[in-house]
Amino acid sequence: MTIGHVEDQDATDIDPTTVNAADQDSSDTVIGDEGAPAAVTIDARRNWIRRAMSRWPLIVIGLLLVAAGAVTAGLYFGQYRHDQQTNDTTAKSAITAASDGTVAILSYAPDKLESDLAAAKSHLTGEFLTYYSKFTDQIVAPAAKTKAVTTQATVKRAVIAELHPDSARVLVFLDQTTTSKDAPEPVQTASSVMVSLSKVHGTWLISAFDPM
């Protein structure tokens, strides 16, 4: 009886809540130590995916903007710059042709008049070539030979006034020094002329020569 009473007393002394709490603590410990990190990792991945998906349109737009910028840069350097460089080259060749032609037209000496006039004609074309040929034959050549007229032109500056693929206008500023039998001391004059050019077989030639 004593033994049985003691066993009953031990049984009654055990608090069911304590057992449940211990069991609960044990299960919580297992879940907390093993299950919680996995759950946190999954949630973190889900959150990262959601953020990435929400930002994806912005990423796509950014890539499109970068691509558009690259295309624009390509067009600029590939097309615009090419056109600009072509125009610069064309302008320089037109200025050179106008400057060289102006010097040839306004520079001659009696002792080499024929070669000077022939050199000037090589820079001309069209009606102006016809006019210049008649003018030099009838006016310039007789005066140069009779009065020993010598002229030398020097271009100070030349700028493009108008530029097209096959035509151009160049404003030329120049100094011209003249001597003659009647005025042996050099006389220098400054002037400007609008030179019109036409491209003939790929070469700029003077088609008009208008003093300003």
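Cβ-Cβ contacts under 8 Å between residues 6 or more apart (or on different chains), taken from a first residue in region 88-107 that is surrounded by fewer than 20 Cβ atoms within 10 Å (Cβ to Cβ) to a second residue that is basic (Lys, Arg), are absent. For the list (1) modelled with pLDDT of 95 or more; (2) surrounded by 12 or more Cβ atoms within 10 Å (Cβ to Cβ); (3) out of contact with any Pro (no Cβ under 8 Å at 6 or more places or on another chain), I need the number of the one condition that SER180 fails. Answer for SER180: the failing condition is (1). Is it fair to say VAL195 is surrounded by 15 or more Cβ atoms within 10 Å (Cβ to Cβ) and either within 29 Å of ASN87 (Cβ to Cβ) or basic (Lys, Arg) (or both)? Yes, satisfied. Output the residue which, of all residues in region 137-160 that are assigned to a strand (DSSP E or B) and not hydrophobic (A, V, I, L, M, F, W, C), is farthest from GLU114 (Cα to Cα). Filtering first and then ranking leaves ARG157.
The selection criterion, being touching a Leu at 6+ places or on another chain (Cβ under 8 Å), hydrophobic (A, V, I, L, M, F, W, C) and touching a residue at least 40 places away in the same chain (Cβ under 8 Å), does not hold for VAL172. For region 122-136, check the following and say yes or no: at least one residue is in a helix (DSSP H, G or I), in contact with a strand residue (DSSP E or B) (Cβ under 9 Å, 6 or more places away or on another chain) and among the small types (Gly, Ala, Ser). Yes.
The values are calculated or read from the model by the stated rules, or taken from the named source; none is laboratory data. Keep in mind the model is a prediction, meaning the values are calculated, not measured. Positions of Cβ are generated from backbone atoms using ideal geometry, with glycine treated the same way; all protein chains shown enter the neighbour counts.
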